[in-house]
Amino acid sequence: MTARARDGDDLVLDEDAENALGFRERRCAATGERLSEDKLLRFAVDPAGLVIPDVAAKLPGRGVWTLSTRVAVDSAAKKGGFARGFKKSVNIPAGLADQAEALLAKRCLDFLGIARGAGDVILGADSVETALRKAKPTWLFEASDGAADGRDKILGLAFGLWGRVSVAGCFTSEELGVALGRDRVIHGLIPVGRIAHRWTVDIGRLSGFRVILPADWRQNNVD
């Protein structure tokens with residue numbers, strides 16, 4: 001079976017394997033590794049030759065992919081990975097990794113808004129506690145600036161009932177509120193479902209740029 005290219009990107013998985021596995025692999029411009037797209041971040045070039053993050057992987061033209069980490073993006077920028085990938089001279093803006101982080105964070109927050117519209121997110125301490133007693137969530141999210149006592153109560157319940165639980169604490173109450181149509185959001189839960197899978201992929205990508213679970217929230221039974 002032969003590897004083929006798609007949309008000008010460095011696709012390294014052959015078509016038959018791609019169909020069988022349900023995902024594609026790309027070559028990281030920083031490390032040369034062949035990795036699944038859910039671990040990578042795509043970059044495109046605008047008409048002026050400026051490299052831009054393409055977090056939705058939808059911009060036209062040739063794309064270059066890196067591992068979704070600050071280290072990989074900086075390495076590709078400094079060591080010519082983008083120029084080699086695009087096969088031409090390109091302009092790399094200062095703070096490219098910061099741009100990627102901001103766009104990934106926005107994407108995660110936008111998904112929460114989509115989840116709320118679809119009825120796939122639960123908000124508020126009482127509602128979250130009720131949901132926790134019924135089923136294990138895919139994710140809990142807690143505002144980074146929320147009160148520790150309220151957070152500890154919910155996390156203690158989650159860990160006590162379900163053991164290992166994934167928790168995101170990388171957004172402020174205001175950021176969560178804007179995404180979810182409220183003034184502020186402190187506590188939230190994402191149950192099992194399609195939206196949860198999309199959130200997991202993109203919060204995983206974001207974790208290469210910022211801490212998702214603050215160190216002082218960590219307990220032995222937290223992912």
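The values are calculated or read from the model by the stated rules, or taken from the named source; none is laboratory data. These figures come from a predicted structure and were not determined experimentally. Don't worry about glycine lacking a Cβ; one is built from the backbone with ideal geometry, like all the others, and counts go over all protein chains shown.
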task: Could you pull out the residue among VAL201, VAL192 that is of a type in the set (A, V, I, L, M, F, W, C), surrounded by fewer than 21 Cβ atoms within 10 Å (Cβ to Cβ), farther than 23 Å from VAL55 by Cα and not assigned by TED's automatic domain parsing to the domain that holds LEU40?
output: VAL192
- prompt: For the range 148-203, how many residues are assigned to a loop (DSSP other than H, G, I, E, B), among the β-branched types (Val, Ile, Thr) and more than 18 Å from GLU129 (Cα to Cα)?
  reply: 1
statement: Within the range 120-137, the count of residues that are acidic (Asp, Glu) and closer than 20 Å to ARG198 by Cβ comes to 1
- request: Within the range 98-110, identify whether any single residue is over 30 Å from VAL45 (Cα atoms), among the aliphatic types (A, V, I, L, M) and in the same structural domain as LEU176 (by TED's automatic domain parsing), and answer yes or no.
  value: no
Answer from VAL178, VAL185 - the residue that is crowded, with 21+ Cβ neighbours inside 10 Å and under 22 Å from GLY119 (Cα atoms): VAL185
query: Of the residues that make up the range 74-83, is at least one out of contact with any Phe, Trp or Tyr (no Cβ under 8 Å at 6 or more places or on another chain), of a type in the set (Asp, Glu) and assigned to a helix (DSSP H, G or I)?
result: yes
field: Any chance ARG198 is modelled with pLDDT under 95 and under 24 Å from ALA56 (Cβ atoms)
entry: yes
message: With the requirement that a residue be part of a loop (DSSP other than H, G, I, E, B) and of a type outside the set (Val, Ile, Thr), what does the range 204-219 give you?
response: SER207, GLY208, PHE209, ARG210, LEU213, PRO214, ARG218, GLN219
- prompt: Do the conditions hold for SER89, that is, is it modelled with pLDDT under 95, outside the structural domain of ASP202 (by TED's automatic domain parsing) and out of contact with any strand residue (DSSP E or B) (no Cβ under 6 Å at 6 or more places or on another chain)?
  reply: yes
query: Take the residues of the range 107-152 that are touching a residue at least 12 places away in the same chain (Cβ under 8 Å) and among the basic types (Lys, Arg): which is nearest to VAL71 (Cα to Cα)?
result: ARG107
- request: State yes or no: is LEU213 within 28 Å of ALA57 (Cα to Cα), within 19 Å of the chain's Cα centre (by Cα) and modelled with pLDDT of 95 or more?
  value: no
Residues of the range 92-114 classified as touching a strand residue (DSSP E or B) at 6+ places or on another chain (Cβ under 6 Å) and under 21 Å from THR172 (Cβ atoms), total: 3
task: State whether one or more residues within the range 12-22 are in a loop (DSSP other than H, G, I, E, B), loosely packed, with under 13 Cβ neighbours inside 10 Å and modelled with pLDDT under 95.
output: yes
- request: Could you tell me whether any residue of the range 67-81 is among the polar types (S, T, N, Q), closer than 17 Å to SER207 by Cβ and modelled with pLDDT of 95 or more?
  value: yes
